[in-house]
Each structure stands twice: as C-alpha cells, then as structure tokens.
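Colleague: Before I ask anything, here is the structure I am working with.
The values are calculated or read from the model by the stated rules, or taken from the named source; none is laboratory data. In this text, all values refer to a predicted model and were calculated from it rather than measured experimentally. FYI the Cβ positions are ideal-geometry reconstructions off the backbone, even for glycines, and counts take in every protein chain you see. To get the accessible areas, we keep the full protein, side chains included, count just its heavy atoms, and leave off ligands, DNA and RNA. Shrake-Rupley method; radii C 1.70, N 1.55, O 1.52, S 1.80 Å.
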Amino acid sequence: MDNNISEQMTEFNKIYKTIDEAYHSYAKSCNLSNTSLWILYSVWENNEAYTQKELCEVWSYSRQTVNSSLKSLEGQGFIQLLHELDNKKNKQIILTKRGKELAEKIVVPLMEAEKNSFASLSNEERCVFLKLMKKHAELFGKEVNKIVNKSSEDISSQ
C-alpha cells in the first residue's frame, strides 16, 4: 500500500478518535453513556418522538445498546416509552419534563459548541468537508461489505 495513504489513514483515524473522545468526555462529564447522550440529543433535535427502531437506524446502534440506554433513561425519569397506537411493538421515545430540562442543560450547549466550531470554517470548507466525508463513508461501507461477504463465503465453505 502507498505509504502516503497509510499515513493519511492514520491521521484520519486520529482525528476521528479525537472527535469521538470529545463527545465521550462530554457524556462522561454529564454522567451519561455515549448512547444515552445521543438518544437525548436525537430526541431533542428531532423535536418529535423517535421509535427505538428509528433511533437504531439513524445512529447505527444495535437494538440491545439502545434498549439498555432507554431503560436507564426511563428509570431516571428522563424519558417515557409510549406504545404507538397503530403498532404495539414500536414504542415512541418522549422526553419527560425532567428530560427536557436535562436536554436543555446538556444538549443545547453541545449543539452550540458544534455549531460554533463548524461556523469557524468557511461555507466552502463546510461544503467540501461534508461532500468528502459522505463520499468516504459510502466508499468505506462498500469496502467493508466486500469483506463481510467474503467472510460469509469463507465460513459457509468450511
């Protein structure tokens, strides 16, 4: 592999981990798991009820991970899980009064920090950044799928 690509991949991974660590540190400082922070963030940002299934799809979390965080948030009185009228399997995630107060206290400042850091880039930089990140995510997803499919073939041939 081209040495330059290896170095660039290493740099990309370091940057990605730095951003991930900033979110993790913030969640920890708020006495929340990463998943719980993202659930509060999502429900607050969406301004509508999410279902557990939608949350898993949007954030690429496993159902078990989301379910565990939902139980914790519900137990602390931050959310309610309400059955949908037309589908008893799906539960809507609703912020309680206490949950809204918490989200306003921790999610709003986090969103403001994201907005401020993003606003520090020029519009052109933001557009290029998003375009390239999207392209990279799609290409990476395809490459991972190749590995997964090959692994499945290798396992089934054994």
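Residues checked against (1) within 23 Å of residue 41 (Cα to Cα); (2) at pLDDT 95 or above:
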{"residue": "105", "(1), (2)": "yes, yes"}
{"residue": "118", "(1), (2)": "yes, yes"}
{"residue": "130", "(1), (2)": "yes, yes"}
{"residue": "137", "(1), (2)": "yes, no"}
{"residue": "146", "(1), (2)": "no, no"}
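Colleague: Just the residues that are touching a helix residue (DSSP H, G or I) at 6+ places or on another chain (Cβ under 8 Å) and assigned to a loop (DSSP other than H, G, I, E, B), please, taken from the stretch 80-114.
Modeller: 90
Colleague: Considering only residues that are farther than 21 Å from residue 111 by Cβ and hydroxyl-bearing (Ser, Thr, Tyr), look in the stretch 1-28 and name the one that is least open to solvent (accessible area, probe 1.4 Å).
Modeller: Here the residue is 6.
Colleague: Among (1) part of a helix (DSSP H, G or I); (2) under 22 Å from residue 109 (Cα atoms); (3) of a type outside the set (Asp, Glu); (4) open to solvent by 60 Å² or more (accessible area, probe 1.4 Å), where does residue 31 come up short?
Modeller: (1)
Colleague: Moving to a separate point now. Hey, among 39, 93, which residue is β-branched (Val, Ile, Thr) and over 15 Å from residue 27 (Cα atoms)?
Modeller: When all the criteria are applied, what remains is 93.
Colleague: What are the residues in the stretch 35-52 that are out of contact with any strand residue (DSSP E or B) (no Cβ under 9 Å at 6 or more places or on another chain), open to solvent by 50 Å² or more (accessible area, probe 1.4 Å) and at pLDDT 85 or above, if any?
Modeller: Matches in the stretch 35-52: 45, 46.
Colleague: To continue, here is another question. With the checklist (1) assigned to a helix (DSSP H, G or I); (2) among the small types (Gly, Ala, Ser); (3) farther than 23 Å from residue 140 by Cα in hand, flag the one item residue 77 doesn't pass.
Modeller: (1)
Colleague: Quick one: which residue in 130, 95, 121, 82 is open to solvent by less than 90 Å² (accessible area, probe 1.4 Å) and under 21 Å from the mean Cα position of the chain (by Cα)? Please lay out each step first, then the result.
Modeller: Values: 130 fails: open to solvent by less than 90 Å² (accessible area, probe 1.4 Å); 121 fails: under 21 Å from the mean Cα position of the chain (by Cα); 82 fails: under 21 Å from the mean Cα position of the chain (by Cα).
Checking each option against the conditions leaves just 95.
Colleague: In addition: Out of curiosity, is residue 144 out of contact with any Gly (no Cβ under 7 Å at 6 or more places or on another chain), part of a helix (DSSP H, G or I), of a type in the set (A, V, I, L, M) and surrounded by 12 or more Cβ atoms within 10 Å (Cβ to Cβ)? Outline the logic, then answer.
Modeller: Details: out of contact with any Gly (no Cβ under 7 Å at 6 or more places or on another chain): yes; part of a helix (DSSP H, G or I): yes; of a type in the set (A, V, I, L, M): yes; surrounded by 12 or more Cβ atoms within 10 Å (Cβ to Cβ): no.
In short, no.
Colleague: Separate question: Filter the stretch 54-74 down to the residues that are open to solvent by 70 Å² or more (accessible area, probe 1.4 Å) and more than 26 Å from residue 141 (Cβ to Cβ) and list them by number.
Modeller: Narrowing the stretch 54-74 to residues open to solvent by 70 Å² or more (accessible area, probe 1.4 Å): 54, 57-60, 63-64, 68, 71, 74.
Matches in the stretch 54-74: 71, 74.
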